[in-house]
Structure formats: structure tokens, C-alpha cells
Amino acid sequence: METRIVLEPAMLQNQGSAAASHIRVEGLTVAYQKPKAAGTLIAVSSANLDIARGTFVTIVGPSGCGKSSLLLAIAGLVQPAGGRVLVNGQPVSGPGRDRAVVFQDFALMPWRTVLDNVRFGLELQRWSGEDLTARARRYVELVGLKGFEHYHPHQLSGGMQQRVGIARALAVDPEILLLDEPFGSLDAQTRDEMGSELLAIWEQNKKTALFVTHGIDEAIFLADQIVVMARNPGRISEIITVDLPRPRTIETMDSELFIEYRRHIRACLMGKVEQSCTQERRF
Amino acid sequence: MLLGIVSFAAILLVWESVVRLGWANPFFISQPSAIADSLSRAARSGELWNNLEVSLREFAIGYGASVVVGILAGALAGRFRIVEYVVDPFLWFLYSAPLIAFYPIFVLWFGLGVPTVIAITFLLSVTQIAANTLRGIQSVNPGLLRAARSFGASERDLLWKVVLPASVPMVIAGLRLGIGRALMGVVVGELFGATAGLGFSIAYYGALLKTTDMIASVVVIVVLGVLCTQALSAVEARFDSWRTGPG
Amino acid sequence: MPIPSSKYRVLVSTIAVLVFLGIWEIAPRAGMVDPTFTSQPSRVFAASLVIVPSGDFLHDVSVSLSEFAIGFALAVGFGVPLGLLLGRFPVLRYLLDPPIMAIYATPHLALLPIFIVWLGIGMQSKIAVAFVGGVIPILVNSMAGVRGVERSWVTAARSFCAREWDVFVKVILPASLPGVVMGIRLGVSRAVLGVVVAEMYQSQAGVGNKIMLYGSEFRTDYLLFNVLLVSVFGFTATWAVRALEEKLWTAGK
Ligand SMILES: Nc1ncnc2c1ncn2[C@@H]1O[C@H](COP(=O)(O)OP(=O)(O)OP(=O)(O)O)[C@@H](O)[C@H]1O
Ligand SMILES: [Mg+2]
């Protein structure tokens, strides 16, 4: 088999010019205070990552390996205990209009309707010169919730709530989309539809996307690059470049290469592949 | 609602007939018809309205002040940890202590009468409102704060668009419970030392052993309590609609 | 940002209380307030040394405590079973709910003069007030506790052919316990309040009686000692039930 999967030595790549990468993570460590105990829990340990503008990056890894933590650090929502995050070459010190997050637990305001929840981000970012409600309505429709504008979150199914969260993030038109298991509570079919929809939006607007998922197929299908994480301590164990042609279709999933990626990632996740991120592996 | 009326009517009927049949002494438990008489007499003479006005004024001032102070104190304690830690021991002490025991001290400070009643009313309800506000603010889901921050929310935005709306149900529950305690403060304060008011008239007729007039005043207080609580429950239901799911 | 630990919390709270006591002590000494009105921690402490060893004190405390204990025991003994029953049988509940809610919304101490007329100024009227204060929240919360029991648990028990009695004892009783205990917590403070206020209103003995007496004699230090005594009692009793409650909640998870 030809060497088409390149496992990038992240450190090596870091020596490239910082300006070229849209998001750059340097030696990032995220730690949390342990509840009711002294000491800290290392959620992410010295992670390095370089994401070029316009790429779609997926993150896979076992539960609790620090995927959300990595994402939140890039969002500027948790302060790193070490290292730093650069966006457009500028160190991140907090949230910014260039990034929007779709949260794993939706985080919708329960007292706001669907429409007002989508408006929420626009309001906070002080959008003006445009009818915010009309804009919010467009995005509600985009995620397929037309007719539910005036529902409150508790009246929606989990999957519908998740789509509100996606609409809220898309509505503010960020350069970088940070999605934390955005399709986690969707059924398989909606999941595929939303995936294609997301790819379309991404291709249209040349956004950079960072997408956490538990679905291996989904991770391959969407990605230019896959970040595989491991546990204890949470760390990046591999970065895989996906060389599947775009646009991708259902048939892509049946291709030999796709299956090869799948096999490899599964092996990674099961810890069968011994490696560190500085090691280059080909097969 | 209908059942409520039926059930009250049944109670009144049993009460009236038990006395009429001579099974119970009307000196002790009076009877509904006599109470109705007493009420209409008090209404015509203006005594009822006078007492009601005095009590309601004390209630409005004491409760009104406790709403302002309670929400403010609770919000400050919820916002600043240090304030919470400072206020916490006093709040819990006042919350669970039988505050009316401080009554004689208030009499020393404010003299017998209206100011003391207002002080007791205030003190009884303010702790409830402050405690609920604090709890409401503390129990705001941190995930919502994080989501707002991700869109660049300022501290002000966080307060106005997340913290306050999220704690509204809890605050209103505090207001409702506070009403009960404030009413208690008014009545008990007047029971001990006043020259007018519903509590005063209960104590006054009690001393004269006029059971009927005494129970008539109690009935007015019951009605007042039910009305206030119902009103706040209605407000609560309105604000709570987003929180109580269908299940 | 320093991470506030529970030690920090205790420290700040302790300092706040100490500062309060300090000001209370110093202000009258500095002539800023009249000690007749505010007394001082040291005077209250001195008063406690006089009051506690006296036989009167023991008598008052035992009177108040027994009024509370009897009234509250009656409230529990009556309120819990009735509450469970009302929760279990909707017909009964529909019938009794309106008057119960009306009493719940009413300041129960308004009934105090009536009890005095009925039962005299002795211990009985205090017991009655404590009972009425305690029984309503206990009843209402026990009822809510039963109604909050998941229907699916009852169905699950039925699927094992449980009889009505088994369902009640093995499912409904344990599952509604948190509600019952919450009612008891609310009931405790209302019962304590009832006893103290009833004694303050008209009585022959008891801590509340002494509070009123010292108040009329302007003996602020003696008065405050008694006030603090009942406050500490109310606080401790509530705290104890709350601790039990938390234990039950975590056990129920
Ligand atoms: N706010 C927090 N306080 C303390 N520890 C936390 C906090 N958030 C996360 N952790 C810990 O950090 C570790 C990584 O959590 P994280 O949420 O990043 O995992 P994850 O990879 O997203 O898992 P999942 O796939 O289940 O969402 C976990 O051990 C978790 O317990
Ligand atoms: Mg996660």
C-alpha cells in the first residue's frame, strides 16, 4: 500500500511560519482544580497543533481525553496553565468575534425562544445595520427548524436543541467554527444531512472548522486533518492528513482509502499503535 | 377551583349546623353567620377599612423595603464571593432564628407601634428574599455563562442577559415566600403592641373574649394571605413557563 | 485569580462575625450608642453566667422545650400520615387541598389569641400553636413528596405483583422521604417560633416569657441572652434536619 497517510510531526511543523497557520497551539496545557481535593487535573498536556486557514479539522479521542478542553482553550474560554494559542498570529487571551463555539451541552438560554436564542450571539456581538431577527430567522431555517421559531428549548428534542446551538454559532459568521460534538444527539440520517450541510457552508465561506466527534467515519468524512487524542494525561497522540478528494459523497465512504483510514484510527484509539506525536509513521 | 368552593361551603355548613344543633359552644368557635354579621358591621362602621389600611400600609412599607434590600443584598452576595462569605453567617442565623424574639429590642429602639411592626415585617421577609436571590444567582448554569462569554459578552451583558433572567424564577419564589413572612410580621407585630390594624383587633377582641369579632379578623387575614400568595403564584407561573417542561 | 477554598470561606465568615462582635462591644464603650439599647457581648456573656445557674432558667427551658417537643411531635405524628394519605388518594386531596392551602397562606400566629381563649395561658395553648405551625408545612410537603414519586417506580413494583401495601411501604414511603424531611425542617422553625411568640404573648413561664419580662425591665443583656438562646436552638435544629436532608438526597441519587 502506498504511503498516503502522513502523520505529521507537530513539533516540526511548528517551526514553519506562524502567519501561515490560522490557529496555532503551542505547548498548550489545560489544568483544572480538582474538586474537594488539593492539586490539579491535567486535562490537556503540552499539545501542539497547526491549522491552516480554511481547513476542516476533526478531533477524535476517548471520553475525558480533553477534547472539549482543547476546544475551549482555543475559544479563549479556559485559561491555559501553560503554552499558548495563536489565532492569525495573535495570542488568544479571551473569546473573540473571529471564533464561535457550538457547545456539547447546547447551552441555550432556557428563557429565550429558538429565534431569540439564535439572536443571542448577534446581540452580544452588537451587530447593527441589519435586522437581527430576520438574520436569526434565516439561520433557524438553515438548520431546518422553520416553524419552531417560538418554541422554548425545553419543548424541543435534544437534536433540535443542538441545531439551535449550531444556528447560533453560524449566525455570527465567524472565521473559525469550534464545534463540540455538534451532532452528538442527532439520529444517523439527520447527522449525515447536517454534515453535508455543514460542509457546504464551510466550502462556501472558507471557514476554518474544528470539529469534535466520537464518530470515526464522520471524522474522516469531514476532515482535512484528524487530530487523535489519548487519555491519562489528555494529549494529542497523532495528527493525520486525510487525502480524500472533495466534494465527498456517500461513495467516498466505501473507498479503499477511507477504509484504510478507518482501520488506522480505530487502532490508534485502541492504543494499538505505539507512537508519540513527534514520531513520523508511514504505512 | 369549583372543588375549593364546594369544600369551603361544606366546612361552613358543618360549622354552622354544629353550633345550631347545640353540639358546640358558640362562645368558643362562634358560627359563620355571626362572623358574617360582625364583618358587615365592621365594614359599615369603617373599622374594617381602617384596620385594613393600617395593616396594609405597614405591610407595603416593610415588604417593599425588604424586596429592594433583599434583592440587592442577594445580588451583591451572588456577584461577589467576599460579600457572600461576609453576609452568609448573618443571613443563615437570621433566616433560621425566631426573629420575633427580637421584638422587645425593637420596641426599645423604635418605640411601641407602627415603626416596630414595620421593622419586624422587614426583617422577617428580607432574609427570605435575600437567600433566594443569592441561591438563584449561584445556581445559574455555568455553561450558559460560558456560552455568553464565547460571543464576547461583557460583565454587564452577563448580568442582564444571563444571570438576572436565569435567576428570575428563584427570586420570585423568594418574593412569594417573603409575602407570607411579611404578613406574619405585620400580624404578630400588631398582636403585641399597636393601636390599630388587623392583628391589633384580634388581640383586642381576644382580650375581651369576643370570639366572633376575633375570628372575623382572622378570616380577613386568611383572605389577604390567600390573595397575596395567589397573585404571586400567578406571576411565578408566568415567569416559570420556560423552565417547567411538559414532563 | 486566587481559587477560593473552603478554608478561605470559613476565614472570611469568621472574621466578619468577629468584626461584628467587636463593633458591638466597642461602640457602647466609645459612647457612640447607649448600651441600654444595644448591650454588649461581654454583658450578655456576664448575664449568661448569672442566668444559667439559676433554678428559674432550668424551669423556663424545660417548659419551653416540652411545649416545643409535644407540639412538634404531634405535628409530625399527625402531619406525616395525613400528608402521605392525601398524596396517595386524590379524592381526599381535592377535598382538603383548598382549606389546607388557605391555612398555609395565613400567618399561623394570627390564631394565637384564639388558642388562648380556648386553652388558657398555660402550656396547652403553646403546644397548640407549635402544632399548627409545624403540621401545615409537614403535611403539604409530605403530600408533595408522594406526588413526586415516579409513576414508573410504582409500575415497576406492580410488575412484580406487589400489593398496594407493599407499594406503599417499599416504594412510596422511601421515595417521598426527602419531601417529608423537608417539611419537617420548615416545620421545626415554625414550631420554635410558635412556642416563643406564644410565650411572649401571654404565659406564666418559658424562655419567651422571660424575653418579654426583661424587655419591659430594659434589661437588654438578660433579654439578649434569651433571644440568642432561642435563635441558636432554632438554628441548630434547622441545621440538624438540613444535614439529615442532604444525607437523604445523596443516598437517593
Ligand atoms: N470544569 C472542570 N473542572 C474540573 N475538571 C474538569 C472540568 N472540565 C473538564 N474537566 C476534566 O478534564 C478532563 C477532560 O475533560 P473534557 O471535557 O475536555 O473531555 P472530553 O474529551 O471532551 O470528553 P467527552 O468526550 O466525554 O466530552 C476530564 O477528566 C474532566 O473530568
Ligand atoms: Mg467533551
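In the list B:ALA216, B:ALA207, B:ALA182, B:ALA194, which residue meets the criterion of being of a type in the set (A, V, I, L, M, F, W, C), free of Cβ contacts under 8 Å to residues at least 24 places away in the same chain, within 14 Å of chain C (Cβ to nearest Cβ) and within 30 Å of C:ILE116 (Cβ to Cβ)?
Exactly one of B:ALA216, B:ALA207, B:ALA182, B:ALA194 is of a type in the set (A, V, I, L, M, F, W, C), free of Cβ contacts under 8 Å to residues at least 24 places away in the same chain, within 14 Å of chain C (Cβ to nearest Cβ) and within 30 Å of C:ILE116 (Cβ to Cβ), namely B:ALA207.
Please find, among A:LEU132, A:LEU124, the residue that is more than 16 Å from ligand 2 (Cβ to nearest atom) and buried (at least 23 other Cβ atoms within 10 Å of the Cβ).
A:LEU124
Here is a yes/no grid of residues against (1) at the interface with another protein chain (Cβ under 7 Å from one of its Cβ atoms); (2) small (Gly, Ala, Ser):
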residue	(1), (2)
B:VAL168	no, no
B:VAL171	no, no
B:GLY178	no, yes
B:THR211	yes, no
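Checking the conditions here, which among A:GLY64, A:GLY89 is within 16 Å of ligand 2 (Cβ to nearest atom), in contact (Cβ under 8 Å) with a residue 60 or more places away in the chain and not hydrophobic (A, V, I, L, M, F, W, C)?
Of the residues listed, the single one that is within 16 Å of ligand 2 (Cβ to nearest atom), in contact (Cβ under 8 Å) with a residue 60 or more places away in the chain and not hydrophobic (A, V, I, L, M, F, W, C) is A:GLY64.
Which condition does A:TYR151 not pass, out of (1) closer than 25 Å to A:GLU193 by Cα; (2) within 15 Å of ligand 1 (Cβ to nearest atom), if it passes all the others?
Going through (1) closer than 25 Å to A:GLU193 by Cα; (2) within 15 Å of ligand 1 (Cβ to nearest atom) one by one, A:TYR151 breaks only (2).
Return the only residue of A:LEU186, A:LEU199, A:LEU156, A:LEU179 being under 15 Å from the mean Cα position of the chain (by Cα) and either within 26 Å of A:MET109 (Cβ to Cβ) or free of Cβ contacts under 8 Å to residues at least 12 places away in the same chain (or both).
Selected residue: A:LEU179, the only one of A:LEU186, A:LEU199, A:LEU156, A:LEU179 that is under 15 Å from the mean Cα position of the chain (by Cα) and either within 26 Å of A:MET109 (Cβ to Cβ) or free of Cβ contacts under 8 Å to residues at least 12 places away in the same chain (or both).
Within region B:122-142, identify whether any single residue is over 13 Å from B:GLY62 (Cα atoms), surrounded by fewer than 22 Cβ atoms within 10 Å (Cβ to Cβ) and of a type in the set (A, V, I, L, M), and answer yes or no.
The answer is yes, given that some residue of region B:122-142 is over 13 Å from B:GLY62 (Cα atoms), surrounded by fewer than 22 Cβ atoms within 10 Å (Cβ to Cβ) and of a type in the set (A, V, I, L, M).
Taking the condition touching a strand residue (DSSP E or B) at 6+ places or on another chain (Cβ under 7 Å), under 28 Å from A:PRO62 (Cβ atoms) and more than 16 Å from ligand 2 (Cβ to nearest atom), does A:THR190 pass?
For A:THR190, the condition - touching a strand residue (DSSP E or B) at 6+ places or on another chain (Cβ under 7 Å), under 28 Å from A:PRO62 (Cβ atoms) and more than 16 Å from ligand 2 (Cβ to nearest atom) - is not met.
Specify which of the listed residues (B:ALA182, B:ALA194, B:ALA216) is buried (at least 24 other Cβ atoms within 10 Å of the Cβ) and more than 23 Å from B:VAL107 (Cα to Cα).
B:ALA216
Any residue in region C:166-186 that is within 13 Å of chain B (Cβ to nearest Cβ), in contact with a Ser or Thr (Cβ under 7 Å, 6 or more places away or on another chain) and buried (at least 24 other Cβ atoms within 10 Å of the Cβ)?
So far as region C:166-186 goes, no, none of its residues is within 13 Å of chain B (Cβ to nearest Cβ), in contact with a Ser or Thr (Cβ under 7 Å, 6 or more places away or on another chain) and buried (at least 24 other Cβ atoms within 10 Å of the Cβ).
Assess whether B:ILE120 counts as being closer than 25 Å to C:GLN202 by Cα, in contact (Cβ under 8 Å) with a residue 24 or more places away in the chain and in a helix (DSSP H, G or I).
yes
Hey, does region B:229-236 have a residue that's at pLDDT 90 or above, facing another protein chain (nearest Cβ under 9 Å) and part of a helix (DSSP H, G or I)?
No, the conditions are met nowhere in region B:229-236.
Regarding region A:95-102, can at least one residue be identified that is on the phi > 0 side of the Ramachandran plot and facing chain B (nearest Cβ under 9 Å)?
Looking through region A:95-102, none of the residues is on the phi > 0 side of the Ramachandran plot and facing chain B (nearest Cβ under 9 Å).
When you go through C:PHE72, C:PHE89, C:PHE78 one by one, which is the residue that is of a type in the set (Phe, Trp, Tyr), buried (at least 21 other Cβ atoms within 10 Å of the Cβ) and over 21 Å from B:ILE221 (Cβ atoms)?
C:PHE72
Can you give me the ranges of the strands (runs of 3 or more DSSP E) entirely in region A:25-114 with at least 1 residues that are within 11 Å of ligand 1 (Cβ to nearest atom) and at pLDDT below 90?
The qualifying strands (runs of 3 or more DSSP E) are A:40-52.
Pairs needed: first member in region C:8-19, assigned to a helix (DSSP H, G or I); second member anywhere, among the small types (Gly, Ala, Ser); C-beta distance under 6 Å; at least 6 residues apart or different chains.
none
Working only within region C:96-120, note down all residues that are within 11 Å of chain B (Cβ to nearest Cβ) and outside any helix (DSSP H, G or I).
C:THR106, C:PRO107
Considering each residue of region A:105-138, count those that are on the phi > 0 side of the Ramachandran plot and either within 12 Å of chain B (Cβ to nearest Cβ) or within 22 Å of the chain's Cα centre (by Cα) (or both), and give that number.
3
The values are calculated or read from the model by the stated rules, or taken from the named source; none is laboratory data. Here the structure is a predicted model, which means the values were calculated and not measured. Please note: Cβ atoms are built from the backbone with ideal geometry, for glycine as well, and neighbour counts cover all protein chains shown.
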